[in-house]
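The structure under discussion appears below in the form of structure tokens.
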Amino acid sequence: MGNFFFIDQSYKNFLEDIGVNSQEIFKKVGIPWENMNDEGISISKEQYISFMNSMETATTNEHILGLSNVEELVLFVPPLFAAMCAKNGVKCVERLAKYKQLMGPFALNIVKNSHTLELEFVFDDQHTPIPRFTVLSEQVLIVAILRKATGIKIIPKKVASQYNYGDEFEQYFGMKPQRHDKNILTLDLIDMHQPFITANNTMWHYLEPELKKRIAELEADDSYAAKVRNELIELIPGGTYTVEDVAVELNVSPRTLQRRLAVENTTFIKQLNHTRELMARNYLKNSTMSTDEIAFLVGYSDANVFNRAFRGWTGLTVGQFKKRFRN
């Protein structure tokens, strides 16, 4: 487990959106709010846990259930954006589980059974108790994402934690949550394989005008490479963007896709890197996301690897690019 974790403006946006005074929370746990800027700050594990515990006393059930309004959150919380871009619920929770390793000292354990998918919410040391706000908000948010993304009112098979819930949560989930020694959300695998209708739509709402303009140019370009890049722009945030994935979207075999690119004197890897560069430039110019978050959204789980790739594409480090653009 890491000793320090990164927080940025998205945390403030998240808290304010559900009606919590973010400045008060950060000051209470000793996080230097006045130093918060576009780049964000690093805090210790102890501060992070204190922050989560403070949320427990500063929030109500109404605040937690406010997370069900996922449409308002997805535009400025990168992990939700990536989750909504996934193809289905299974891919969605896999993206969320992977992202949690980048953003804090907790984890989402996934157990796939013959008919269900079980999600367990834990700190990444597997024994530190997670506050009630954190557990219940995660359960509400995941169900909200699944419902919004599929257009179906999905009812969990089981909702359980070490805490009491309340009648309003039974009404929201459509079933009675239970007290349990583990923090569990169990879902039907049939529901989790329902296709996401937001797989493409979420991307279009999130894109800045500059990238939208570039996409329009790609659509006007009748080359096969442009068609591949257009599919990649939609697939990369969802985490499934191999040559096989793109071939499925274009209704051809991977071999045919690669052969058609070769005719245009290019390769799938070249088009993938070109698309990643385009997306990375856009995110760096038009958002306050951290380097870790941008790396994640363009397909890199390691920010250092992303930094090296970005320098190879542009001749600049991420920091140099930001500074040059802002100047």
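The values are calculated or read from the model by the stated rules, or taken from the named source; none is laboratory data. Note that the coordinates shown come from a computational prediction; the quantities given were computed from them, not determined experimentally. Note that we place each Cβ from the backbone using ideal geometry, even for glycine, and neighbour counts take in every protein chain shown.
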Helices (runs of 4 or more DSSP H) within the stretch 1-79 that include 3 or more residues surrounded by 18 or more Cβ atoms within 10 Å (Cβ to Cβ) and at pLDDT 80 or above: 45-58
Exception for G299 within (1) more than 16 Å from C85 (Cα to Cα); (2) in a loop (DSSP other than H, G, I, E, B) falls at (1)
Scan the stretch 309-327 for residues that are surrounded by 15 or more Cβ atoms within 10 Å (Cβ to Cβ) and of a type in the set (K, R) and jot them down. K322
Could you check V159 against (1) in contact with a helix residue (DSSP H, G or I) (Cβ under 8 Å, 6 or more places away or on another chain); (2) surrounded by fewer than 21 Cβ atoms within 10 Å (Cβ to Cβ); (3) modelled with pLDDT of 95 or more and say which number it fails? (2)
Criterion: at pLDDT 90 or above, under 28 Å from P195 (Cα atoms), of a type in the set (F, W, Y) and surrounded by 18 or more Cβ atoms within 10 Å (Cβ to Cβ) - qualifying residue of F268, F306, F296: F268
Which of the residues that make up the stretch 135-151 are within 19 Å of G238 (Cα to Cα) and either of a type outside the set (D, E, K, R) or surrounded by fewer than 16 Cβ atoms within 10 Å (Cβ to Cβ) (or both)? L141, I142, V143, A144, I145, L146, A149, T150, G151
Conditions (1) on the phi < 0 side of the Ramachandran plot; (2) modelled with pLDDT of 95 or more; (3) surrounded by fewer than 19 Cβ atoms within 10 Å (Cβ to Cβ); number of the one not met by H180: (2)
Hey, can you tell me all the residues within the stretch 224-275 that are in contact (Cβ under 8 Å) with a residue 24 or more places away in the chain, within 23 Å of V93 (Cβ to Cβ) and in a loop (DSSP other than H, G, I, E, B)? G239, T240, Y241
Being of a type in the set (K, R), crowded, with 16+ Cβ neighbours inside 10 Å and out of contact with any Pro (no Cβ under 9 Å at 6 or more places or on another chain): is that true of R132 here? yes
